[in-house]
Amino acid sequence: MCPLSFGEKTILCEFKLDKKGYKIPTHSHPYEQTGYLISGMQNFRIAEE
């Protein structure tokens, strides 16, 4: 993950997840996070959805 820009209540990040089986640990943010994936595959789980 590479933070590209941030403000008072948001952050924009670039992701490269090339390592097979890599998992981002469950976590939360006190702000909004926006990101884009350059390579790899990512599944999202938002709260209890």
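Here, each number is a calculation from the coordinates, and none is a lab measurement. Small disclaimer: the values here were computed from a predicted structure and weren't measured. Cβ atoms come from the backbone with ideal geometry, glycine included; neighbour counts cover every protein chain shown.
Okay, here's what the table says:
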{"quantity": "At R0 = 30 Å, FRET efficiency that the Cβ-Cβ distance of residue 22 and residue 47 yields, to 0.05", "calculated": "0.85"}
{"quantity": "Fraction of beta bridges assigned by DSSP in the chain that are antiparallel (%, nearest 5)", "calculated": "35 percent"}
{"quantity": "q = 0.16 Å⁻¹, the chain: log10 I(q)/I(0) [Debye, one scatterer per Cα]", "calculated": "-0.51"}
{"quantity": "Positive minus negative residues near residue 33 (Lys, Arg vs Asp, Glu; Cβ under 15 Å)", "calculated": "-1"}
{"quantity": "Computed lengthening from residue 2 to residue 31, 0.36 nm per intervening residue step minus Cα-Cα distance", "calculated": "8.8 nm"}
{"quantity": "Per-residue Cβ neighbour rank within 10 angstrom, fewest leading, 17, 4", "calculated": "4, 17"}
